[in-house]
1. Can you tell me which condition residue 40 does not meet? The list is (1) out of contact with any Gly (no Cβ under 6 Å at 6 or more places or on another chain); (2) modelled with pLDDT of 90 or more; (3) surrounded by 13 or more Cβ atoms within 10 Å (Cβ to Cβ), and all the others hold.
2. Of everything in segment 1-22, what is of a type in the set (A, V, I, L, M) and modelled with pLDDT of 85 or more? Give them in sequence order.
3. Taking only segment 79-128 into account, find how many residues are over 20 Å from residue 63 (Cα atoms) and not charged (D, E, K, R).
4. So how many residues does segment 23-37 have that are modelled with pLDDT of 90 or more, of a type outside the set (A, V, I, L, M, F, W, C) and either more than 25 Å from residue 69 (Cβ to Cβ) or crowded, with 17+ Cβ neighbours inside 10 Å (or both)?
5. Taking the condition assigned by TED's automatic domain parsing to the domain that holds residue 107, free of Cβ contacts under 8 Å to residues at least 40 places away in the same chain and either part of a helix (DSSP H, G or I) or of a type in the set (Gly, Ala, Ser) (or both), does residue 83 pass?
6. Can you say whether residue 50 is loosely packed, with under 14 Cβ neighbours inside 10 Å and outside any loop (DSSP other than H, G, I, E, B), as far as the supplied structure shows?
7. From the residues in segment 53-64 that are part of a strand (DSSP E or B) and modelled with pLDDT under 90, which one is surrounded by the most Cβ atoms within 10 Å (Cβ to Cβ)?
Amino acid sequence: MRLFDVVEFVVDMPECGVKAGMSGTIVEILGGDLYLVEVFDNSNTVDVIEARSEQITLKIPFLERGEKVALDADMPDEKLQHGDIGTVVGKAKGGQFVDVAFSTLDGHPYRTLTIHVQQIRRLSRNEIAHVRIIE
């Protein structure tokens, strides 16, 4: 699991007030299989708790058509790099894959690929784009 992945608790953790089925976001990887997870309850109370990988499972992110995403890995065969920004243009294969369109800054299409949701991530507010020449 990665930083900022959305996870679901698969066990009750009464000492933390967490019930199976609640969701959270990984905010720190402590090492091994231990994570800090930010949890919101129904009253929007925030708590940050430690959780082991056997206590949580990854939730497949729900990505909307038109949403901007960034690659989380290089794709050398497609001449795309970690951090390249694309736009979700469709969903495929049971929600685990999405179609992502990559284009130049002036809007010319470059590539449209079907990508597993674990190879991309949502953009956050505190990021800035970087320009590079495509070949």
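The values are calculated or read from the model by the stated rules, or taken from the named source; none is laboratory data. What you see is a predicted model, and the numbers here were worked out from it, not measured in a lab. Here Cβ is always computed from backbone atoms with ideal geometry, including for glycine, and neighbour counts include all displayed protein chains.
1. The failed condition is (2).
2. Matches in segment 1-22: 7, 10, 11, 13, 18, 20, 22.
3. Number satisfying all stated conditions: 9.
4. Qualifying residue count, segment 23-37: 2.
5. Answer is no for this residue.
6. When the stated conditions are applied, residue 50 passes them.
7. The extreme case among them is 58.
Residue-by-condition table, conditions (1) in contact (Cβ under 8 Å) with a residue 24 or more places away in the chain; (2) surrounded by fewer than 12 Cβ atoms within 10 Å (Cβ to Cβ); (3) over 20 Å from residue 73 (Cα atoms):
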position: 89; (1), (2), (3): yes, no, no
position: 98; (1), (2), (3): yes, no, no
position: 101; (1), (2), (3): no, no, no
position: 104; (1), (2), (3): yes, yes, no
position: 113; (1), (2), (3): yes, no, no
position: 121; (1), (2), (3): yes, no, no
position: 124; (1), (2), (3): yes, yes, no
